[in-house]
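Please read the structure below before turning to the comments.
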Amino acid sequence: MITDTFRQTLAQVREAIDSDEEWRIFNSIPEGVSRRPELDAPEEYLDFLLAADGAIMGSIVILDKKFAEKSQALISPGMVEIPEDPTNWFVVGKINENAVLANRRDGSIWTYPDMLTPWWESCRFERVADHLAGFVSEYGLGPGYLRITGAEESDQWWQLLRQLGYA
């Protein structure tokens, strides 16, 4: 759920990124779009776009409005195995090169957590969060970042999270 507290957290991290040129090179949390996009997407993703038009948080990316529609072809029939009809899923982002999907029915967030296997060949497809804001809070902006990305403690984004007190 996109709450005011979540929006404030995004704004605080955006400010920190903007304060350091090195952090801005590989990371961004842009301002949100001015009006709700007309996009066939889960409600929470559309709400996220109002708070931030995508996000690049180290190895975790939440797609911006421009790329969200194009990315849905990744889960077309015949492209990748998922446990249900591809129309039940929406690609919201990626971790490294592994797709992150939202279940259209309940908003839960799923991914292919085996970072050593290309996601389209992975046998593992797992629920990692109950909703998008929870995913971003735990993994993009929180203590789960290293665990889900496989990054080292020297990772630049992890260092920013530690400096801000989120990790």
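Structure above, values below:
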{"item": "All aspartates and glutamates inside 17 Å of residue 70 as judged from Cα atoms, apart from same-chain residues fewer than 8 positions distant", "result": "38, 40, 53, 97"}
{"item": "Length gained when the stretch residue 18-residue 127 is fully extended (0.36 nm per residue, less Cα-Cα span)", "result": "36.0 nm"}
{"item": "Amide N of the range 149-167 lying under 17 Å from the label point, which is placed 7 angstrom from the Cα of residue 5 along Cα→Cβ", "result": "165-167"}
{"item": "Answer label for P(r) over Cα pairs in 10 Å bins from 0, in percent (calculated), chosen among (1) 8, 26, 28, 21, 11, 4, 0; (2) 10, 42, 36, 12, 0; (3) 7, 9, 9, 8, 7, 7, 6, 6, 5, 5, 5, 4, 4, 4, 3, 3, 3, 2, 2, 1, 0", "result": "(2)"}
{"item": "Accessible area of the chain divided out per residue, in Å², using a probe of 1.4 angstrom", "result": "53"}
{"item": "Carbon + sulfur, % of accessible area of the chain - ligands and nucleic acids excluded, 1.4 Å", "result": "49"}
{"item": "Tilt relative to the chain, helix 4-18 - C-alpha long axis, 0 to 90 degrees, to 10", "result": "60"}
{"item": "Loop GluC sites (Glu not before Pro), the range 1-58, which have at most 12 other Cβ atoms in a 10 Å radius of their Cβ (DSSP)", "result": "31, 38"}
{"item": "Packing-based order for 150-160, 85-95, using average beta carbon neighbours within 10 Å, highest first", "result": "85-95, 150-160"}
{"item": "Per-pair calculated FRET efficiency, R0 = 25 Å: residue 40 and residue 159 via Cβ, rounded to 0.05", "result": "0.10"}
{"item": "Theoretical FRET efficiency, 1/(1+(r/R0)^6), r = Cβ-Cβ of residue 66 and residue 87, R0 30 Å, to 0.05", "result": "0.85"}
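The values are calculated or read from the model by the stated rules, or taken from the named source; none is laboratory data. These numbers come from a predicted model, not from an experiment. Glycine gets a Cβ as well: all are built from the backbone with ideal geometry, and neighbour counts include every protein chain shown. Note: areas computed on protein heavy atoms with side chains; ligands, DNA, RNA excluded. Shrake-Rupley method; radii C 1.70, N 1.55, O 1.52, S 1.80 Å.
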